[in-house]
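> Structure provided below as structure tokens; questions to follow.
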Amino acid sequence: MNAVIRSVTQRIIERSGDTRGAYLARMEQARSQAPHRGELSCGNLAHGVAACEQGDKSALKLMNGANIAIVSAYNDMLSAHQPLQHFPELIKKAVQGMGSVAQFAGGVPAMCDGVTQGQPGMELSLFSRDTIAMATAVALSHNMFDGVLCLGVCDKIVPGLLLGTLSFGHLPAIFVPAGPMTTGLSNSEKARVRQLYAEGKVDRAALLECESQSYHGPGTCTFYGTANSNQLLMEAMGLHLPGSSFINPGTPLRDALTSAAAEQICRITEQGEYRPLAQVIDEKAIVNGIVALLATGGSTNHTMHLVAIARAAGVLINWDDFSDLSAAVPTLTRIYPNGTADINHFHGAGGMALLFRHLLTLGLLNDDVLTITGKGLEQYTEEPFLSGDRVVWREGPTASLDVDVIANIEQPFDADGGLKLLQGNLGRGVIKTSAVKPEHRVVEAPAVIIHDQHELEPMFRRGELDRDFVLVVRFQGPRANGMPELHKMTPILGVLQDRGFKVALVTDGRMSGASGKVPAAIHVTPEACRGEGLARVQEGDVIRLDSASGKLEVRLSSEELAARKPAMADLSANQFGMGRELFAGMRQQVSGAEQGASVLFQPQYSLPE
């Protein structure tokens, strides 16, 4: 096994000793070797089964089979979640075939960052993750269930479902994906039209037609953003059936995999081969998730989501862990925005089976982990196929079927995983370099400061940005305004870079899974509204972003920086409208980006005697 992977894993285990031990003790206390509904009073149970059809009602009263909770993010506005509409029917039939019962325990909200991008609703996006976690807990709080099937796909939904389910880690859990939409307009063509629109060379009708050809049907968006990174993570951490992440919706194999997941959850309850979620998600599984994310250039959102997920399981990780692992993990894929291929192309080139084979061969994964299959990660080098109407697994590819999309291990695309920790007198942040060409990875230039991403376009139209500069977009952190994604600036900055200017972005906000070709120091913490770092930068200050050495600094002495009065921002416009007033408490309580940007894990205080 790679020495760095082993070392980082071990230090996480040692760092997490107390918190992990306390979590496992709580999960063991919650465990019941008999069906959990047996702990309910007769009145409680009668309420829980009243709406069941007679066969299920009788089975639940007999206490000799499992009851499986379905928690779903279905809605028919989101393309990624629309296919989930029919999953409960498939699941219930499959579970009945196993002599058990499945009940739809609850739905969780699912918002789309693609719809809210650049809109006020985006300021609810990050907080929707913790809201989903709490909604999941409400769904499972009835103590009726012996296992959980989580149905969700997109950006905050899967992390939220996992955060909530980890509070019920004494139960086994399986995540059931919906799959990506079929390939539409190429990602390179989409990016080209977006830049032309930013330059005023095509009109809105042309842009809308381009976007509609890209996002055209049911399923996950096909670029490698947070939604598809979620699927990769669930498989890498052993919570998906092998090879199930990227099968298109509405296909016989997709439906068969959904039924197979329903059957498998019945096998791993207390009534079978018990494999609780608390034992599947441990320190080694978390490291495996990070490694898979790094090897594929996955979403930077997971530098926050994985921190929160790990904490929910009693595991403590930080950005040093990400950065040290990144230095040891080569980039093995090129998927847009880190290349031109989409996720369907990745799947066709060898997909998850080949990726697992490469990572295991290189000694980059902890193989001694528990998965929902119980057979370790070696089984994840297999691919699912249909035999009649049943799923069977066969050995996956042993070499790349397209070396422009998945590298063979002898010739990786980059020697590292393309995610770096940046630190200096502006604080700590992260940068994703896998889509940034080497000649753009170091920028030193005067600061241009804005407090709203919408300020950039008028400046661009007026010709004020045809020069080298570092764009500082501050007061965009979780406490300031909920930490919206800032992709509205991406085409403009891309145009300026293509014109030959040295440009970079520094922000306490997010860019997320679609972080692209312009170097961007993101999630900078402490955030500006705390009065440190970015709050003390002034227009024209020279900032150096050096992803090679991991430096992020303003060229000022520590004394001069400390003596400056922090800038202030009027955030009143972010407090109301589109539901933002309901999330004021979250903005006040949220932790910093490196702590997971969460309201779920607050210090525990003893009450006075």
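> State the Kirkwood hydrodynamic radius of the chain in Å, one decimal place, computed from all pairs of distinct Cα atoms.
So the Kirkwood estimate lands at 24.7 Å.
> Related question: Applying a 10 Å radius around every beta-carbon, put 143-156, 275-288 in order of their mean neighbour count, most first.
Final packing ranking: 143-156, 275-288.
> If you don't mind, there's one more thing I want to ask. Once amide H atoms are placed 1.01 Å from N in the peptide plane, what residues at a sequence separation of 5 or more from ALA341, or on another chain, have their amide H within under 5 Å of its amide H?
Those lying under 5 Å, H to H, from ALA341 are TYR336.
> Ok, one more. Go through segment 273-285 residue by residue and turn each phi into a ³J(HN,Hα) via Karplus (6.51, -1.76, 1.60, θ = phi - 60°); whole Hz please, and just put x for glycine and proline.
Those phi angles translate into 8, 4, 9, x, 4, 4, 8, 6, 8, 10, 4, 5, 5 Hz.
> Out of residues 5 or more away from PHE475 or on other chains, whose amide H comes under 5 Å of its own, with H placed 1.01 Å from N in the peptide plane?
ASP508, ALA528, CYS529
> Further question: When you count, for each residue, the other Cβ atoms within 10 Å and take the mean per peptide, how do 567-573, 498-504, 302-308 rank with the highest first?
Highest to lowest by the protection proxy: 302-308, 498-504, 567-573.
> Beta carbons within 10 angstrom, averaged per residue: use that to sort the peptides 217-230, 548-561, highest first.
The packing order, highest mean first, is 217-230, 548-561.
> OK, next. ASP367 to GLN588: extension gain in nm, 0.36 nm per residue of separation minus the Cα-Cα distance?
Contour length minus Cα-Cα distance gives 75.5 nm.
> Would you mind checking which residues have amide H under 5 Å from THR331's amide H? H placed 1.01 Å from N; only 5 or more apart, or other chain.
Counting only residues 5 or more places away or on other chains, the set is PHE413, ASP414, ALA415, ASP416.
> Just want to confirm a number: the relative contact order over the chain, from Cα pairs under 8 angstrom separated by 6+ residues, in percent.
15
> Ok, one more. If you stretched the chain out fully between ALA562 and GLN85, how much longer would it get, using 0.36 nm times the residue separation minus the C-alpha to C-alpha distance?
That pair, ALA562 and GLN85, stretches by 166.2 nm at full extension.
> Summing -39500 (n - 2.57) over the DSSP H runs of n ≥ 4 in the chain and dividing by its residue number, what mean residue ellipticity at 222 nm do you reach, to the nearest 500 deg cm²/dmol?
After summing the helix terms and dividing by residue count, I get -10500 deg cm²/dmol.
> Based on the Cβ-Cβ distance of SER212 and ALA46, what FRET efficiency does E = 1/(1 + (r/R0)^6) give at R0 = 56 Å, to the nearest 0.05?
That pair, SER212 with ALA46, gives E of 0.65.
Laboratory data are not the source of any read-out in this text; all were calculated from the coordinates shown. Everything quoted here is computed from the prediction, not taken from an experiment. Glycine gets a Cβ as well: all are built from the backbone with ideal geometry, and neighbour counts include every protein chain shown.
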